Amino acid sequence: MGKNKYVGYVETYLKKRRNLHQKINPLTEKNVAILISSATSSSAEIFSSEMRSNFDARIFGDRSSGQVLQSKKFTLPDGGVVQLPVGIFYDSRGNKIEGNGINSDQDDRYQESKDQLLISATDWIKSRDNIK
C-alpha cells in the first residue's frame, strides 16, 4: 500500500492512541480480489480493509470474524504466560473492526459455494483487466 502509509491506529484501554504505518513496500496495485470468511481474523482483517480503501480491492465471501485486538503477553512467576488484550484497532477511516468484522462487497450475504465464490472473484478480476 506504500511504505510508511497510515493504516490505522490502536487505542488502549487507558485511551492512549498509537498510529500504525505500513513498514514494507506494496506488492501490487492492480485488481485484487480478496476471499474472506467468518474465520478471517486479526491482521487479515486489517489487510482486507486497507486494500479495499486504498486500491479498490473487492472483497468476496462472508463477514469476517471481527477479532482485532492488540494484545500483550505477560510472563508469570512460574514461567507461564498470559496474553491479555490491551488495545482496540481502528482502520484508516476510523472504523472499529473488533466486534464488527469486514463485510464483503456483495449486496447481501454470499450464498454460493466456495467454488462459485472463487469463480466470481476470478471473473471480477478478468472483467477489470479485460481478459477473456
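Observations on the model:
- Output for the stretch 55-72, where each listed residue is in contact (Cβ under 8 Å) with a residue 40 or more places away in the chain and either under 20 Å from Lys16 (Cα atoms) or assigned to a strand (DSSP E or B) (or both): Arg58, Ile59, Phe60, Gly61, Gln70
- Within the stretch 73-94, the set of residues being surrounded by 14 or more Cβ atoms within 10 Å (Cβ to Cβ) and not in a strand (DSSP E or B) comprises Ser92 only.
Bear in mind that the values in this text are calculations on the coordinates, not laboratory data. All values derive from a computational prediction rather than experimental measurement. For neighbour counting, all protein chains shown are included, and Cβ atoms are generated from backbone atoms with ideal geometry for every residue, glycine included.
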